[in-house]
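Note sheet for the following structure.
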Amino acid sequence: MFFCQFLFRQLGDPVENPTFGQHIFIRIMSTIVDQFLKGLKERLPEEDNEDLSYAVGATDEEIARLKERYPQTPDSLVYLLKQINGTYHQQYGDRKIAVLMLGSDVGEYPYYLKSVDQILKEKMYNESIRERYDTYFDEISELVGEGIDPDVPVQSWLHFSDCMNNGGTSSLYIDFNPAPGGTPGQIVRFLHDPDSYKVIAPSFDQYLQDLVDKDYDFILEEDEDDFY
């Protein structure tokens, strides 16, 4: 009851304010991202936090270009990029940062967040998974997980993250064209050797929530971070 009264005071009457519902959605969505970032900064090594202090968010123009290419870009990813426009060898003024701030179901491979420009400049192959692997498609066990359409061009996926060895081992995508049983906007993890594509979350919001729930287990110890 008190929460509803607070929203009325902040946003006005929902009948008089047609954007009332949108404001509530944005408030809830931003809370998910803010919760993730708060916990992340509490756990990152001091050097990484110092690097993140130089980061700025993507501009409205950059976000517009991202949404033009990927109209279904989730609002939570947009909100995250408006806080930190990438950590993948990203230049902020005189400072270039490289901060591993994301994870997946593969604990030993933390990931960078790509900037809007890096996402848009990504040159993924135009083929589908089936076309790419050709005669090997049926030979690789568990190559394509449930809910993933192997006949959709991978270029239609939003490639938002690469693992610590520049994506050579693992990358993360948002898949807007799933197979039956999948969910538009699901998070797909690619892992190399043996190659596999697997859905690890039904949405970007849930993906961030899972990282929080697993207590940011992707964060490397400082000596491991120095090694890489």
How far is it, in nm, from the label point at residue 123 to the one at residue 42 when both lie 7 Å from their Cα along the line to the Cβ?
4.3
Relative exposure of 82, 41, judged by other C-beta atoms within 10 Å (fewest first):
41, 82
Please give me, ordered by residue number, the GluC sites (Glu not before Pro) of the range 105-210 that lie in loop per DSSP and have at most 11 other Cβ atoms within 10 Å.
139, 142, 146
So for the pair residue 59, residue 132, with labels modelled 7 Å out along Cα→Cβ, what separation do we get in nm?
3.2
If the chain between residue 72 and residue 106 were fully stretched, how many nm would it gain, using 0.36 nm times the residue separation less the Cα-Cα distance?
9.6 nm
Report the local net charge at residue 90: Lys and Arg +1, Asp and Glu -1, summed over other residues whose C-beta lies under 14 Å from its C-beta.
-2
Taking amide H positions as placed in the peptide plane 1.01 Å from N, state which residues far from residue 161 in sequence (5 or more) or on other chains have amide H under 5 Å from it.
114, 172
Plugging the Kirkwood radius over Cα pairs into Stokes-Einstein for the range 90-219, at a temperature of 10 °C and a viscosity of 1.306 mPa s, what D comes out in µm²/s?
104
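No value in this document is a laboratory result; all are computed from the given coordinates. Here the structure is a predicted model, which means the values were calculated and not measured. Backbone-built Cβ (ideal geometry, glycine too); neighbour counts: all protein chains shown.
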